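In what follows, a single structure is set out as structure tokens and then discussed.
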Amino acid sequence: MLFLEYERPIRYFLSAHASSAEMVDEVLQATFVACYESIRTYEPRGTFSFWLRGIARNRLLKELRQRARHDHVGAEVLEATLAEVAAANVASASHDPSPDLQRCLDQVTPRVRELLQRRYVERIAVKQLALELAHTETWVSVTLHRTRAFLRECLQRAGGDANVVRP
């Protein structure tokens, strides 16, 4: 019951900060396992959602540190590298997009298409985009994550190359 109620908001929270969908899934699972194991110690001083988000944040930080140690690079370098790969994929696709990708891009709003262009082609940082759009960094990150997921699914349905939108 807890998973059904809180899975989506915790997934959105993790999506805004994780480097991949795989990482989101791993950390989400670890979060709910930790929740199950320590639910007896929960004290309702705040909201349950806040407590669960704290577990998710701690698990995400632990995962980022482990991956950084394993790869012998800092978390910032790891994130920057993944962003560069995503930017290169989207930029190369935007110069001569496949018909399938173009059909999928036509399904998103002009505002979201502009956000994709500014983030991945013009390489404007999420923080700067948030300032310019008068939104939070979380909103920008979540919007980008959801859009990439939509495009990936759209391309898979069309039989196109879903790797174009993988970060």
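The values are calculated or read from the model by the stated rules, or taken from the named source; none is laboratory data. Not measured: the values here are computed from a predicted model. Note that each Cβ is placed from the backbone with ideal geometry, even for glycine, and that neighbours are counted across all protein chains shown.
Below, the figures for the structure above:
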{"read-out": "Single residue of the stretch 101-116 satisfying the filter (at pLDDT 85 or above and farther than 15 Å from R146 by Cβ) that is surrounded by the most Cβ atoms within 10 Å (Cβ to Cβ)", "value": "E114"}
{"read-out": "Only listed residue being within 22 Å of L151 (Cα to Cα) and of a type in the set (A, V, I, L, M, F, W, C), chosen from A56, A34, A16, A30", "value": "A16"}
{"read-out": "Residue list for the stretch 146-167, filter: surrounded by 15 or more Cβ atoms within 10 Å (Cβ to Cβ) and at pLDDT 80 or above", "value": "T147, R148, F150, L151, R152, C154"}
{"read-out": "Residue check for A134: over 21 Å from A21 (Cα atoms), in contact with an Asp or Glu (Cβ under 6 Å, 6 or more places away or on another chain) and not acidic (D, E)", "value": "no"}
{"read-out": "Scope the stretch 1-52; condition under 22 Å from the mean Cα position of the chain (by Cα) and part of a loop (DSSP other than H, G, I, E, B); matching residues", "value": "A16, H17, A18, S19, S20"}
